[in-house]
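The values are calculated or read from the model by the stated rules, or taken from the named source; none is laboratory data. What you are looking at is a predicted structure, and each value in this text was computed from that prediction instead of being measured. Cβ: placed from backbone, ideal geometry, glycine included. Neighbour counts: every protein chain shown. Accessible surface is based on the protein model in full, side chains and every heavy atom, while ligands, DNA and RNA are left aside. Shrake-Rupley method; radii C 1.70, N 1.55, O 1.52, S 1.80 Å.
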Protein chains: 2
Amino acid sequence: MREATLTEIKSIARRHLVEHGVAGVSLRAIAREMGMTAPGLYRYVPGIDALLVAITADMFDELADTVAAADASAPAEDTELRLHIALRALRAWAITHPAEFSVMFGPSSRLDLEADITPALEAGRRFASTFFSLCDRLIREKDIPLPADEEIGPELTAELRSFADTVGLSAHAMPTGAALVLTRCWIRIYGVVCMEVFQHLGFVVTDMEPFFESELQDLMTGLGVRYIPIEHMGRPVTDAPG
Amino acid sequence: MREATLTEIKSIARRHLVEHGVAGVSLRAIAREMGMTAPGLYRYVPGIDALLVAITADMFDELADTVAAADASAPAEDTELRLHIALRALRAWAITHPAEFSVMFGPSSRLDLEADITPALEAGRRFASTFFSLCDRLIREKDIPLPADEEIGPELTAELRSFADTVGLSAHAMPTGAALVLTRCWIRIYGVVCMEVFQHLGFVVTDMEPFFESELQDLMTGLGVRYIPIEHMGRPVTDAPG
DNA sequence: CGCTGTTTGCTAACGGTGTTCACTTAAGCG
DNA sequence: CGCTTAAGTGAACACCGTTAGCAAACAGCG
């Protein structure tokens, strides 16, 4: 079966990624391990760049599934708890899959600049939508203090509206202030997780979890949402089923 | 002169980095351009990894110089303005040097895991100290609202104290609460700049500057410092002299 | 059955990479 | 002058991505 071969290729590529870093992913090594030669792989994959894009898309899907599974493990009505769980699941996946996270969220250093990365972009969009719906829900339920439209500034407003439009949310569904606090929160989560995975404070800090939790707490209280410490959460779900 | 040859090697490597990405830096290409052969470079550099580490260290020094020069262009007493200028200089350098920023602040994907990256780490420390002294000055002058020691939590306190110690600041020079707000601010700046340079919102946002400014404003007001918009700043210094 | 067309994988080859080793050349110096 | 040391070279090894041409297997069909 053709499908199975492609799956095997991607699975071996993925393993080489986590074991030897993105630089250690090579068509020749994959072919060697499969008992065939490198040119044969070109029947399944148009090149190394496309293969990396493909597994990146797969990893976005996997991360989205992981976060969704964690989210689903909480009572559907408890939006606040679900947000805590989803964000912690994101961090947990990131630090247990640093190689994957690096190619997904780091600079696309290996891909050719003219490579077609749309599949990975699509999958990234699907991943983001998980958090969009959670935040949308939160804003709809709770009375989150949102900045008024007048105090946002024209350039920022334009960017936020184009952002919301691309995501597919009208000004009615998502006010500009909501888009602003959403991106602000995402920037902070992104920052603290990147910092941990890229080991940017690695030589001076041993465990970044307290920083993540501190950021989470500051974020939640800033949103008028109660912060739920880890201990009061029950066993967190850290991986997708299957 | 031996020193000059090494400088030329690093300068060509740097140009290849910005023109073709980190994957486009190769000893053979550098040697070709210098009119010699690749093994000859081994008289000056122990290998490609060490060369990348060396130019990374240089780039940290350059960034530190750029930020310091921008900082020095403001009145020494106006700490608030200096902080604005320094942070904007950081962003300006980052977005005008995306390839450099990626190897400095992104995942170290190309370096061998057992490579000796201490020179780059040292230079990164020197870069960070620029901001440490500015923040130290700010905390000393203004009455920044700092979280009390009791409300920080034992794990976080331990990390923060070890952090301050490594940087060389005692509990007297830098209270735990100060270290916390400092790292929190750094996380947010790091997050928004990484997001811009790595083009993480690139398909949905055209200009990240409003987001950076919004983050800067929120950050400053949270610190009890007045936010100074770009227009009220005079011409910003965006690069080092020479 | 035999004849086609397609799929699959191969070998060979080209040009690129990092790195090591043995060697020559040149410079400096007592 | 002779000796030592540094600088650079060429050949070689083991990798890499990619292309071109070819052979075998397989499917469908008359």
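Values computed for the structure shown
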item	result
Residue within region A:178-189 that is under 17 Å from residue A:133 (Cα atoms) and open to solvent by 40 Å² or more (accessible area, probe 1.4 Å) present	yes
Residues located in region B:72-90, provided they are open to solvent by 20 Å² or more (accessible area, probe 1.4 Å) and either among the hydroxyl-bearing types (Ser, Thr, Tyr) or closer than 20 Å to residue B:221 by Cα (or both)	B:73, B:77, B:78, B:81, B:82, B:88
Residue within region B:60-74 that is within 12 Å of DNA strand C (Cβ to nearest atom) and within 14 Å of chain A (Cβ to nearest Cβ) present	no
Test for residue A:48: is it within 16 Å of DNA strand C (Cβ to nearest atom), open to solvent by 20 Å² or more (accessible area, probe 1.4 Å) and within 12 Å of chain B (Cβ to nearest Cβ)	yes
Residues of region B:198-210 that turn out to be facing chain A (nearest Cβ under 7 Å) and in a helix (DSSP H, G or I), as a count	1
Selected residue [of a type in the set (A, V, I, L, M) and more than 9 Å from DNA strand C (Cβ to nearest atom)] from B:29, B:38, B:54	B:54
Test: residue A:170 is over 23 Å from the mean Cα position of the chain (by Cα) and at pLDDT below 95	yes
Set B:188, B:184: member being basic (Lys, Arg), within 12 Å of chain A (Cβ to nearest Cβ) and without any contact (Cβ under 8 Å) to a residue 12 or more places away in the chain	B:184
Helices (runs of 4 or more DSSP H) enclosed by region A:19-97 - at least 3 residues per element that are within 12 Å of DNA strand D (Cβ to nearest atom)	A:27-34, A:38-41, A:48-72
Complete set of residues in region B:98-117 that are farther than 21 Å from residue B:191 by Cα, away from DNA strand D (no atom under 16 Å from the Cβ) and touching a residue at least 12 places away in the same chain (Cβ under 8 Å)	B:111, B:115, B:116, B:117
Test: residue in region A:217-236 that is of a type in the set (Phe, Trp, Tyr) and outside any loop (DSSP other than H, G, I, E, B)	no
Residue count for region B:14-39, restricted to those that are more than 29 Å from the chain's Cα centre (by Cα) and either assigned by TED's automatic domain parsing to the domain that holds residue B:97 or open to solvent by 20 Å² or more (accessible area, probe 1.4 Å) (or both)	8
Pick from region A:140-168, criterion touching a Pro at 6+ places or on another chain (Cβ under 8 Å) and open to solvent by less than 40 Å² (accessible area, probe 1.4 Å), ranking: nearest to the other protein chains (Cβ to nearest Cβ)	A:156
